[in-house]
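The block underneath contains the structure these notes are about, expressed in structure tokens.
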Amino acid sequence: MNDMHQPAPVEIPKKVDFFEGLSTSLKINYLIAIASNLTPVLKNDSKNFKYISIQELRCLSVIVRLGPQTLSQLAKASRQNTANVSRTTTKLLHKKLLVKISNPEHKRSYFLWVTNSGLDLYNTFRPEIESRAEQYTLNFTEKDKEQLCLLLQRYIENAT
């Protein structure tokens, strides 16, 4: 026989709104996380969805938009740690979406740059990404969008 007793459960509280009683700062934190989860960059039914992960597309996008990047530069620009960026870019190199090019300033480091296949894939996803972004901000005025961008940029600056 098992002499272990089950711990007593705590009393179940009366159901309330999830945000009731939370500070405004904590509400913002939760709402950003929820919005992030609700806005995947790609639909699961996208023809290339299984070929590239969101993380890979994020790194690829930074490189396409900013030009050749070292691992450190890419990590900083994408607000990720270098270990995660290294794993992600290794996958992109293996898929032949990125290549390493020499860095004349530092012989031991290299730049990552997009291949024609990588650029083609990025250009395939770009219209879908823009369409979804427009859909999610359909009821926002241009001023609302600009204000939200400014607030989120300040939020990110405080977090990093």
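Of all the residues that make up the range 104-134, how many are of a type outside the set (A, V, I, L, M), modelled with pLDDT of 90 or more and out of contact with any Pro (no Cβ under 7 Å at 6 or more places or on another chain)?
Filtering the range 104-134 down to residues of a type outside the set (A, V, I, L, M) leaves 104-111, 113, 115-118, 120, 122-128, 130-132, 134.
Then keep just the ones that are modelled with pLDDT of 90 or more; that gives 110-111, 113, 115-118, 120, 122-123.
With out of contact with any Pro (no Cβ under 7 Å at 6 or more places or on another chain) added as a condition, the list becomes 110, 115-118, 120, 122-123.
Summing the residues that are of a type outside the set (A, V, I, L, M), modelled with pLDDT of 90 or more and out of contact with any Pro (no Cβ under 7 Å at 6 or more places or on another chain) in the range 104-134 gives 8.
Can you go through Leu148, Leu57 and tell me which one is exposed (fewer than 15 other Cβ atoms within 10 Å of the Cβ) and either among the small types (Gly, Ala, Ser) or closer than 17 Å to Ser36 by Cα (or both)? It would help to see each step written out before you state the result.
Details: Leu57 fails: exposed (fewer than 15 other Cβ atoms within 10 Å of the Cβ).
Going through Leu148, Leu57 in turn, the sole match is Leu148.
If you check Val62 against the conditions, is it in contact (Cβ under 8 Å) with a residue 24 or more places away in the chain, closer than 27 Å to Gln153 by Cβ, assigned to a helix (DSSP H, G or I) and touching a helix residue (DSSP H, G or I) at 6+ places or on another chain (Cβ under 9 Å)?
Details: in contact (Cβ under 8 Å) with a residue 24 or more places away in the chain: no; closer than 27 Å to Gln153 by Cβ: yes; assigned to a helix (DSSP H, G or I): yes; touching a helix residue (DSSP H, G or I) at 6+ places or on another chain (Cβ under 9 Å): yes.
Spelling it out, it is not the case that Val62 is in contact (Cβ under 8 Å) with a residue 24 or more places away in the chain, closer than 27 Å to Gln153 by Cβ, assigned to a helix (DSSP H, G or I) and touching a helix residue (DSSP H, G or I) at 6+ places or on another chain (Cβ under 9 Å).
Determine whether the range 115-131 contains at least one residue that is of a type in the set (A, V, I, L, M, F, W, C), surrounded by 11 or more Cβ atoms within 10 Å (Cβ to Cβ) and free of Cβ contacts under 8 Å to residues at least 24 places away in the same chain. Steps first, please.
Our first condition is that a residue be of a type in the set (A, V, I, L, M, F, W, C); within the range 115-131, this holds for 119, 121, 125, 129.
Going one step further and asking which of them are surrounded by 11 or more Cβ atoms within 10 Å (Cβ to Cβ), we end up with 119, 121, 125, 129.
Still in the list and also free of Cβ contacts under 8 Å to residues at least 24 places away in the same chain: none.
Checked against the condition, which is being of a type in the set (A, V, I, L, M, F, W, C), surrounded by 11 or more Cβ atoms within 10 Å (Cβ to Cβ) and free of Cβ contacts under 8 Å to residues at least 24 places away in the same chain, the range 115-131 yields no hits at all.
Out of Val62, Val16, which single residue is at pLDDT 80 or above and among the hydrophobic types (A, V, I, L, M, F, W, C)? Write out each step before concluding.
Numbers: Val16 fails: at pLDDT 80 or above.
Among Val62, Val16, only Val62 is at pLDDT 80 or above and among the hydrophobic types (A, V, I, L, M, F, W, C).
The values are calculated or read from the model by the stated rules, or taken from the named source; none is laboratory data. Nothing here was measured: the structure is a model prediction, and the numbers come from that model. Note: ideal-geometry Cβ built from the backbone for every residue, glycine included; neighbour counts use all protein chains shown.
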